[in-house]
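Values in this text are rule-based calculations from the coordinates and carry no lab data. Every value quoted in this text rests on a predicted model; they were computed, and no experiment measured them. Glycine also receives a Cβ, built like all others from the backbone with ideal geometry; neighbour counts cover every protein chain displayed.
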Amino acid sequence: MDGDFTIGGIFSIHNYVHTVNNNYTTMPEPVRCSGSMESRELRFSRAMIFAIEQINNSTELLPGIKLGYQIYDSCASVLVAVHVAFQFLNSLDPVFYIGNNCSQSGMVMAVVGESGSTPSISLSRVISSFNVPQVSHFATCACLSDKQQYPNFFRTIPSDKFQAGALAKMVKHFGWTWIGAVRSDSDYGNNGMASFLEAAQKEGICVEYSVSFYRTHPHSRIQRVADVIRRSTAMVIVAFAAIGDMAILLEELSREPSPPRQWIGSEAWVTSPELTSFGFCAGAIGFGIQKSVIPGLRDFLLNLSPSQVAASALLTEFWEDAFNCTLKKSAAATENNMCDGKEDIQNLQSPYTDTSQLRITNMVYKAVYAIAHAIHNAVCQRKNVTAQCDKLTRLESKQVLTQLKTVNFSQNGYDMSFNDNGDPVAIYELVNWQRSKTGVIKMVSVGLYDASLPVGQEFRINRNITWMEGTTKAPVSVCTDSCPPGTRKVLQKGKPICCYDCIPCPEGEISNTTDSADCLPCHKEFWPNAKRDTCIPKPVEFLSFQEILGIILAAFSVLGACLAIITGAVFFYHRTSPIVRANNSELSFLLLISLTLCFLCSLTFIGAPSEWSCMLRHTAFGITFVLCISCVLGKTIVVLMAFKATLPGSNVMKWFGPPQQRMTVVSFTFIQVLICTIWLVLSPPFPIKNLTTYKEKIILECDLGSPVGFWAVLGYIGILAAFCFVLAVLARKLPDNFNEAKFITFSMLIFCAVWITFIPAYVSSPGKFTVVVEIFAILASSFGLIMCIFAPKCFIILFKPEKNTKKNLMTKNQ
């Protein structure tokens, strides 16, 4: 249609070009489209005409100016798109003007289209040299936002950069980390998928396979793609493909039933009603342009008179395909299939007549209005309230290009403006293919994505989603099930990061989150629980009075002390008897007191260590044992001296009488007291938490402070015991029943044996058993002394009183 200013339009009404093998001996025929018509694209072209007619009838936008249009079918072909691009730059006049100045009278002011990214790229590269602006309604490739390469390109549909990010966020939202990817082998598919894969990688999503195809590829190539999908383990497939390509793939998949898959679609095909006939895609979900209502458009689309249809080759083809009849008489036409004028387009079920999902159609509508506003701003001036436009103004496309950059208007409730890259604000609907009760698949809006909102708030779902096979629960698509808390992920060699093994955390470490990459060590006073998902305080262990072992040892300590006290009582009661008087009663009573203290000092080793108990247990043990050994040593020396004193002229006993015996005991004991005092002053024992012996528990024990001090105390006891043992051995065969050296020998033998075995046992015993060994050594040696030295005497006193006489004691042993 002619007008004062002409707008170009280009749509992919057909998907194929009729191929001809040229022999280059004659002029090639004009390129012709082939294949079935895309009636949805026909609706787009008719929507452009509707918008232009609406603008021509407007009194506010371009009043008094008539817009014309030139609309072409690109056949979704780069070849045809380039041919149309040159047509836009020239008038339809067949006469060539050869003047000095190239006339631009036939050039269109702007172009609406193309429907695909690849033809749009080719179109833009040609017409941008002449500053002709291009406003696409359906070319979404992010590459077209590059103003260096495409300075004249604008679009009313958002860039795939936003859609790719939105798709990655949606995949992550539903917990899918293992997906398949298919794409059109075109600028739209390759660039869109590249953007998606980049965004998916940032979200931690892994791709099992990524395959491409194109509708013109050989059938074997399409079949290979279908086989990859059938063999895959990924339950979710993200498809960045054009409608025509997707139809070919879904048709191939429908031939051989494949396992159910959850389809995630790009805007190009997921809002296409033509593809809802593939029932196995029910539950598909993807992003689509917001639905809209264009008042009057449906009536315009349905208002087709026979003359209008006959005057347009495209409308004629549509009519004949829709009603399966022929409008023009021909040799092939028969009376049975001629259109009789009774065809009712009002009841026709076709994408052309379906205005319930006006998404891309609205993008065409807004593109026309954006161009009209740019022309208005270039040729009209506002005077008072009304605008006055001069249709005689010589308008150049460059002016329209400049004005398009600043366009900002509202139409049908939608705001329209372009950013510096020629892109609009990205707002998508989340579209879900849901099967109705009648079995028909319908596209239902279940959410929204608004790229202008703050990060994290762009994506929201407001309705229930129906998934594959009609389920209401989102399918699971992971390479490996999530690793529970208490385990960590270990990547499988040669596989993506989403494929891993779940390894239990090492000893002493935990993970308290799902899919943890590392395990964290617990604090030194904490230990993992059985599941290794939290740290709990380590149990504290020490030899306590509440446990059985502690009770037994305490009982033996008290028993030993009582035994020593009872023995002392027996000796005191029979202190005038010969056997008590003959065995140095003063040293015997002192020995019994020291043994009582030895038994009782073992109680200081039981219970939680404290500063005082740590210092007391070792020093008390060392001093009481030296006191005990000193008494035994004194008794042994007395025996030896007594027999030496029986020799004629010997006055030995006057040098080892009771005062000397007391002095000997005090002297030996004082040395031990001195050692213990030095130990306590310089580096005393102190309580510690032993965290190294057992990893899973804390041992409360006493640190020796200075090991030298401890071994000095033990060494001094050992020296006295050894000296006593040697003397007792020397005196063991002396005559007379008076001699108790043999009993001292046995007691020292037991004492030395116990403490010699104590050393390796003490060093090798772990935890609280170190204390147990020490207590056992104290009790064993104490019992050995009291049993060997005092038990025989008590037996005679209590059960053999007839032997408790001076005569019996003075008799020599036989």
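Report the antiparallel proportion of the DSSP beta bridges in the chain as a percent, rounded to a multiple of 5.
Antiparallel bridges make up about 55 percent of those DSSP assigns within the chain.
Dividing the convex hull volume of the alpha carbon atoms of the stretch 1-96 by its residue count, what do you get in Å³ per residue?
109 Å³
Mind checking the log10 I(q)/I(0) for the stretch 509-571 at q = 0.22, 0.23 Å⁻¹? Debye, one equal scatterer per Cα, no solvent, two decimals.
-0.87, -0.90
Apply 1/(1 + (r/R0)^6) to the Cβ-Cβ distance of SER129 and THR233, taking R0 = 60 Å, and write down the FRET efficiency to the nearest 0.05.
So the FRET efficiency works out to roughly 0.75.
Say the dipole of the chain comes from +1 at the beta carbon of Lys and Arg and -1 at that of Asp and Glu; which of VAL80, ASN529, LEU674 then lies farthest toward its positive end?
Toward the positive end, the furthest listed residue is LEU674.
ASP340 to ASN57: FRET efficiency via 1/(1 + (r/R0)^6), r the Cβ-Cβ distance, R0 51 Å, to the nearest 0.05?
Given R0 = 51 Å and the Cβ-Cβ separation, E is 0.90.
Where does the charge balance sit around SER12 when Lys and Arg score +1, Asp and Glu -1, over other residues with C-beta under 9 Å from its C-beta?
Charge balance in the 9 Å sphere: -4.
Label 7 Å along Cα→Cβ of ASN412; the stretch 35-73 residues with amide nitrogen under 17 Å?
Residues 40-58 qualify, since their backbone N sits under 17 Å from the label point.
What would the Debye formula give as log10 I(q)/I(0) at q = 0.11 Å⁻¹ for the alpha-carbon point model of the chain, no solvent?
-1.18
Under the rule a/c < 1.5 gives rounded, and otherwise a/b versus b/c splits prolate from oblate, where does the stretch 408-504 land using the Cα gyration tensor?
It comes out oblate by the Cα gyration axes.
As a quick test, which of the pairs LYS161/LYS202; LYS291/LYS366; LYS695/LYS768; LYS366/LYS398 have an alpha carbon distance above 18 angstrom in this structure?
Over 18 Å apart, Cα to Cα: LYS366/LYS398.
Test of understanding: what is the full-extension gain from ILE461 to ARG435, defined as 0.36 nm times their sequence separation minus their Cα-Cα distance?
7.5 nm
Can you put MET663, MET787 in order of Cβ neighbours within 10 angstrom, beginning with the fewest?
Going from sparsest to densest Cβ surroundings: MET663, MET787.
Could you pull the Cα extents of the stretch 115-165 along its three principal axes, largest to smallest, in whole Å?
Cα extents, longest axis first: 34, 21, 16 Å.
Can you count the Lys pairs in the stretch 405-555 whose Cα atoms are under 30 Å apart, with each pair 8 or more apart or on different chains?
Summing the qualifying lysine pairs gives 11.
If we count other beta carbons within 10 Å of each Cβ, what is the order of LYS442, LYS366, LYS147, fewest first?
Least crowded to most crowded, the residues run LYS147, LYS442, LYS366.
Which three lengths, in whole Å and largest first, does the stretch 167-212 cover when its Cα atoms are put on their principal axes?
Each principal axis gives a Cα extent; for the stretch 167-212 these are 29, 16, 14 Å.
Scan the chain and note any complete DSSP helix (H) whose C-alpha atoms cover at least 27 Å along its axis and whose Kyte-Doolittle average is 0.5 or more.
360-379, 548-573, 611-645, 658-682, 707-731, 741-764, 769-789
For the stretch 302-354, just the Cα atoms, rotate onto the principal axes and tell me the three extents in Å, largest first.
Principal-axis extents of the stretch 302-354 (Cα, largest first): 34, 21, 16 Å.
Please list the three semi-axes, largest first and in whole Å, of the ellipsoid equivalent to the stretch 487-537, using sqrt of 5 times the eigenvalues of its alpha carbon gyration tensor.
25, 8, 8
Report the extension gain between HIS173 and LEU674 in nm, rounded to one decimal, defined as 0.36 nm multiplied by the number of residues separating them, less their alpha carbon distance.
Working it through step by step, the gained length comes to 172.7 nm.
Taking N as the number of residues in the stretch 458-565, what is its Cα Rg relative to 2.2 N^0.38 Å?
Against the empirical 2.2 N^0.38 Å value, I get 2.05 for the stretch 458-565.
Divide by every residue of the chain the summed helix terms, -39500 (n - 2.57) for each DSSP H run of at least 4, and state the resulting mean residue ellipticity at 222 nm, rounded to the nearest 500 deg cm²/dmol.
One gets -14000 deg cm²/dmol as the mean residue ellipticity at 222 nm.
Using +1 at the Cβ of each Lys and Arg and -1 at the Cβ of each Asp and Glu in the chain, identify which of ALA51, SER445, ALA620 lies farthest towards the dipole's positive end.
It is ALA620, whose Cα lies furthest towards the positive end.
Return the FRET efficiency for the residue pair LYS473, SER91: r is the Cβ-Cβ distance, R0 is 56 Å, and the value is rounded to the nearest 0.05.
That gives a FRET efficiency of 0.35.
Pulled fully out, how much extra length does the chain show between LEU730 and ARG382, if you take 0.36 nm times their separation in residues and subtract their Cα-Cα distance?
Difference between extended and current length: 111.6 nm.
For the stretch 99-186, which semi-axes, largest first and in whole Å, follow from the square roots of 5 times the eigenvalues of its Cα gyration tensor?
36, 11, 10
Given H placed on each backbone N at 1.01 Å, which residues far from THR6 in sequence or on other chains put an amide H within less than 5 Å of it?
GLY68, MET109
Leaving out same-chain residues fewer than 8 places away, which aspartates and glutamates sit with a Cα under 20 Å from that of LYS391?
ASP2, ASP4, GLU53, GLU60
Calculate the spin-label point distance for LEU520 paired with PHE723, positioning each point 7 Å from the Cα along the beta-carbon direction, and give it in nanometres.
That separation, rounded to one decimal, is 6.2 nm.
If you average 1/r across every pair of different Cα atoms in the stretch 141-202 and take the reciprocal, what Kirkwood value do you get, in Å?
For the stretch 141-202, inverting the mean 1/r across all distinct Cα pairs yields 12.5 Å.
Taking a cut-off of 17 Å between Cα atoms, list the lysines near LYS328, but don't count ones fewer than 8 places away on the same chain.
Hits, sequence-local ones excluded: LYS342.
What is the order of SER516, SER350, SER124, fewest Cβ neighbours within 10 Å to most?
In order of increasing Cβ crowding within 10 Å: SER350, SER516, SER124.
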